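Working notes, structure below.
The values are calculated or read from the model by the stated rules, or taken from the named source; none is laboratory data. Everything numeric in this text was worked out from a predicted model, so none of it was measured. FYI the Cβ positions are ideal-geometry reconstructions off the backbone, even for glycines, and counts take in every protein chain you see.
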Amino acid sequence: MILLEFSMSPMDKGESVSDQVSRSLKIIDESGLPYKLNPMGTVLEGEFDEVMGVVKQCYETMRSDCKRITCGIKIDYREGKSGRLESKMASIENKLGKEVKK
């Protein structure tokens with residue numbers, strides 16, 4: 001199972017890119033994959049082809065009206081593990097003995 005964190009932004013739309021990012025989040029949400037949005041990107045959980053397919057859809061949508069796009073991707077693969085979006089945070093909170101800020 002893969003955790004994939006990515007951030008994709010147009011570079012030709014000025015300082016605020018929330019319109020373009022919102023279109024990507026709609027694709028992510030409709031994919032049915034577990035995900036977490038954070039201030040700097042989104043983390044998806046799924047099989048490699050599933051998560052990369054979502055990234056590709058976001059890219060294709062963004063490139064439809066953006067001339068330059070930047071994208072950063074991090075991938076964490078762990079065999080036989082799922083539900084890691086929640087379990088990784090729970091493990092840290094357990095070790096700290098308290099909830100972390102979200």
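The condition (being of a type outside the set (S, T, N, Q) and either free of Cβ contacts under 8 Å to residues at least 40 places away in the same chain or exposed (fewer than 15 other Cβ atoms within 10 Å of the Cβ) (or both)) is satisfied by just one residue among 74, 36: 74. Checked against the criterion of being among the hydrophobic types (A, V, I, L, M, F, W, C), surrounded by 19 or more Cβ atoms within 10 Å (Cβ to Cβ) and either at pLDDT 95 or above or more than 25 Å from residue 81 (Cα to Cα) (or both), region 7-19 contains one or more residues that satisfy it. The residues of region 39-51 that are farther than 17 Å from residue 78 by Cβ and surrounded by 12 or more Cβ atoms within 10 Å (Cβ to Cβ), listed by number, are 41, 42. Would you point out which residue out of 43, 51 is out of contact with any helix residue (DSSP H, G or I) (no Cβ under 8 Å at 6 or more places or on another chain) and of a type outside the set (Lys, Arg)? So the residue among 43, 51 that is out of contact with any helix residue (DSSP H, G or I) (no Cβ under 8 Å at 6 or more places or on another chain) and of a type outside the set (Lys, Arg) is 51. Here is a check on your reading of the model: is residue 99 surrounded by fewer than 11 Cβ atoms within 10 Å (Cβ to Cβ), free of Cβ contacts under 8 Å to residues at least 40 places away in the same chain and touching a helix residue (DSSP H, G or I) at 6+ places or on another chain (Cβ under 6 Å)? Yes; evaluated as a whole, the condition is true for this residue.
Taken together, the criteria exclude residue 56 from residues that are closer than 24 Å to residue 1 by Cβ, touching a residue at least 24 places away in the same chain (Cβ under 8 Å) and of a type outside the set (A, V, I, L, M).
Exactly one residue out of 63, 84 is surrounded by 11 or more Cβ atoms within 10 Å (Cβ to Cβ) and more than 16 Å from the chain's Cα centre (by Cα): that is 63. Per the conditions (1) touching a Leu at 6+ places or on another chain (Cβ under 7 Å); (2) more than 27 Å from residue 11 (Cα to Cα), the sole criterion not satisfied by residue 94 is (1).
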